[in-house]
Amino acid sequence: MDPTFLTANQIWWWIMTMSLAGGLLVYLYAPYWGVRRVPGPVTVPLIGHIHLLAKYGPDVFSVLAKHYGPIFRFHMGRQPLIIIADAELCREVGIKKFKDIPNRSIPSPISASPLHQKGLFFTRDSRWSTMRNTIVSVYQPSHLAGLVPMMQAFIESATSSLESPSTKDNQEITFSNLSLKLATDVIGKAAFGVDFGLSGAAKSAASQEDSTKRKSGDEVSDFINQHTYSTTQLKMDLSGSLSIIMGQLVPFLQEPFWQVLKRVPGTIDWKVEQTNRKLSERLNEIVAKRIKDGSSWARSKDFLSLILRAREESSSKIHQTIFSPDYVSAVTYEHLLAGSATTSFTLSAVVYLVSGHPEVEKKMLEEIDGFRPRELIPTASDLQTKFPYLDKVVKEAMRFYTVSPLVARETSRRVEVGGYILPKGTWVWLAPGVLAKDPKNFPEPEKFKPERFDPNGEEEKRRHPYALIPFGIGPRACIGQKFSLQEIKLSLIHLYRRYVFRHAPSMEKPLELQYGIVLNFKHGVKLRVIHRI
Ligand code: HEM
């Protein structure tokens, strides 16, 4: 046979191979093509820019913003993100063009988890607005004000170990553990009406209005372990499960990988599946029981009861369908997810920063000590109006360590942003973490200076109104903002009436952070406790 001629079979294989290679190239480059005019670094096939995350850590977006300007491309594997690193452009995306960009993109760690997808965070369009309008009523100021005694009871409980006679000055504690237990207990009670009992002995006010019997210790810690595992596996870099990694690199392979690996005992995917299934079953049980018990939760003020009541009272069929039991479970669980790690991180960040800045600590103590009598628990209104310096300290800590440095959005139609036309389905991510370190709005951004928020100061007057957006922006901004600030300020007042803190010798310098679904402390916040009284 003449070797220069190919057989029909060989030609067929050649065409197939070329078509597959061409198809794969189109698949890998299609999302890039629509946004190719937006500037960005050169992409590495398959991994995109993920290696830059490893190189620069959480600062990667500030580094890229300096180089490429206020709007640039960052590829998570095949998926381009259009990063918005400018306050005015954030206003454009989050508020002015909200109708064109109303939803969040669903990152691959979430796409395999219906539990995480059915909450408010990832629901879309009209389902989201109906859910949000109902849920928002739970955050009325009068309801939040009524939560102060419950929050205070958990704060006292969580900090009671610091007061024990055996506790000596200079005792070293991992404050971030204490604050996570506290925040999880508070949100567990507020969301489910269940006392998880992590913060120590449950105190009276927390237990009094408890319509649900306290669960046994084992059952609760099991639930919390599952919650922690499920949350910490939602990783954005390449350290998650194999199916999540595939989802980052070649998204269409995520589902088949997940379907296979979740059946293979010992793999992370299998463990995640087991955990999420148990978590969902547990949540569905709580919801089903609450629906069955009917009148017994009629006066309960927890989030789950309020949602169920709104659902019962609504004559609208749509309402009942939108709040089907699985969505009620998801949205209630989401509170635990969205409200515990974020609030706890912020509280720990404040205490860590104040411990290293005695001049800030002095002013804060003067203000807290000036609120009398000493035993008086501030009301919600006191918290909002009588602690202006504390407000500045919390704001500055949230600027210094922005717990959600990125806020995900997705275009619903073709839209122009910052001079670029973005096709429908483009992932547009706001970068509050970059804005917070922009010297245009925050001179000397690496200095911890609560005074920069002085309303009469030049810096505050000159600053763009959306330069600090740790809770996001526009109609989709954080629903729990007032809830968490109330809890954080109440905790700080309780703590600083009794103690001050210093960095423990075992605390690393500089502080190391790690990227998960939100920012976290790599080795915890370790402090020495000094009694004031
Ligand atoms: C310091 C504490 C917190 C921080 C920094 C924080 C931050 C955020 C951010 C940045 C967003 C995205 C906003 C956007 O897309 O514009 C968000 C959304 C959300 N947060 Fe928070 N959060 C905190 C506490 C809480 C708490 C305590 C809860 C629940 C009680 C909560 C529930 C939610 C929910 C449900 C959403 C989704 C809202 C929607 O899509 O309509 N968060 N949060």
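The values are calculated or read from the model by the stated rules, or taken from the named source; none is laboratory data. Small disclaimer: the values here were computed from a predicted structure and weren't measured. Cβ sites come from the backbone with ideal geometry, for glycine too, and all protein chains shown count toward neighbours.
Read through the list (1) closer than 19 Å to residue 510 by Cα; (2) touching a Cys at 6+ places or on another chain (Cβ under 8 Å), then give the number of the only condition that residue 346 fails.
Residue 346 satisfies every listed condition except (2).
Hey, does the range 26-33 have a residue that's modelled with pLDDT of 85 or more and of a type outside the set (S, T, N, Q)? Walk me through how you get there before you give the answer.
Pass one, the range 26-33, residues modelled with pLDDT of 85 or more: 32-33.
Keeping just the survivors that are of a type outside the set (S, T, N, Q) gives 32-33.
Checking the range 26-33: at least one residue is modelled with pLDDT of 85 or more and of a type outside the set (S, T, N, Q).
For the range 465-472, check the following and say yes or no: at least one residue is more than 14 Å from the ligand (Cβ to nearest atom) and modelled with pLDDT of 95 or more. First the steps, then the outcome.
Step one: filter the range 465-472 for residues more than 14 Å from the ligand (Cβ to nearest atom), giving 465, 467.
Within this subset, residues satisfying the condition of being modelled with pLDDT of 95 or more are 465, 467.
Within the range 465-472 (the criterion being more than 14 Å from the ligand (Cβ to nearest atom) and modelled with pLDDT of 95 or more), the answer is yes, since at least one residue qualifies.
Residue-by-condition table, conditions (1) at pLDDT below 95; (2) over 22 Å from residue 154 (Cβ atoms); (3) of a type in the set (Val, Ile, Thr):
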{"site": "392", "(1), (2), (3)": "no, yes, no"}
{"site": "397", "(1), (2), (3)": "no, no, no"}
{"site": "400", "(1), (2), (3)": "no, yes, no"}
{"site": "406", "(1), (2), (3)": "yes, yes, no"}
{"site": "410", "(1), (2), (3)": "no, yes, no"}
{"site": "417", "(1), (2), (3)": "no, yes, yes"}
{"site": "420", "(1), (2), (3)": "no, yes, no"}
{"site": "438", "(1), (2), (3)": "no, yes, no"}
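Scan the range 121-146 and report the pairs whose first residue is farther than 30 Å from residue 490 by Cβ and whose second residue is more than 12 Å from the ligand (Cβ to nearest atom) and not in a helix (DSSP H, G or I), with Cβ atoms within less than 6 Å and a gap of 6+ or a chain change.
Listed pairs, sorted by first residue: 122/106.
Among the listed residues 340, 348, identify the single one that is modelled with pLDDT of 95 or more and closer than 14 Å to residue 487 by Cα. Outline the logic, then answer.
On the way: 340 fails: modelled with pLDDT of 95 or more.
None of the other options fit; the residue is 348.
Out of 69, 34, 77, report the one residue that is in contact with a Pro (Cβ under 6 Å, 6 or more places away or on another chain) and under 26 Å from residue 419 (Cα atoms).
When all the criteria are applied, what remains is 34.
What residue, among those in the range 507-518 that are under 18 Å from the mean Cα position of the chain (by Cα) and surrounded by fewer than 20 Cβ atoms within 10 Å (Cβ to Cβ), is modelled with the lowest pLDDT?
Applying the first criterion (under 18 Å from the mean Cα position of the chain (by Cα)) to the range 507-518 yields 513-518.
Narrowing further to those that are surrounded by fewer than 20 Cβ atoms within 10 Å (Cβ to Cβ): 513-516, 518.
Numbers: 513: 88, 514: 80, 515: 72, 516: 65, 518: 78.
Per the stated criteria, the residue is 516.
Of all the residues that make up the range 373-426, how many are away from the ligand (no atom under 14 Å from the Cβ), closer than 30 Å to residue 352 by Cα and of a type in the set (Ser, Thr, Tyr)?
4
Which numbered condition in (1) part of a helix (DSSP H, G or I); (2) in contact with a strand residue (DSSP E or B) (Cβ under 8 Å, 6 or more places away or on another chain) is the only one that residue 383 fails?
(2)
So which residues in the range 483-506 are basic (Lys, Arg) and either away from the ligand (no atom under 16 Å from the Cβ) or at pLDDT below 95 (or both), if there are any at all?
497, 498, 502
Please enumerate the residues belonging to the range 443-469 that are over 18 Å from residue 389 (Cα atoms) and aromatic (Phe, Trp, Tyr). Quick ask: steps written out before the conclusion?
As a first pass, look at the range 443-469 and keep what is over 18 Å from residue 389 (Cα atoms): 443-446, 462-467, 469.
Selection gives 466 alone.
Condition first: at pLDDT 65 or above, over 25 Å from residue 122 (Cβ atoms) and assigned to a helix (DSSP H, G or I). Now tell me which residues in the range 291-329 satisfy that.
Selection gives 292, 293, 294, 312, 313.
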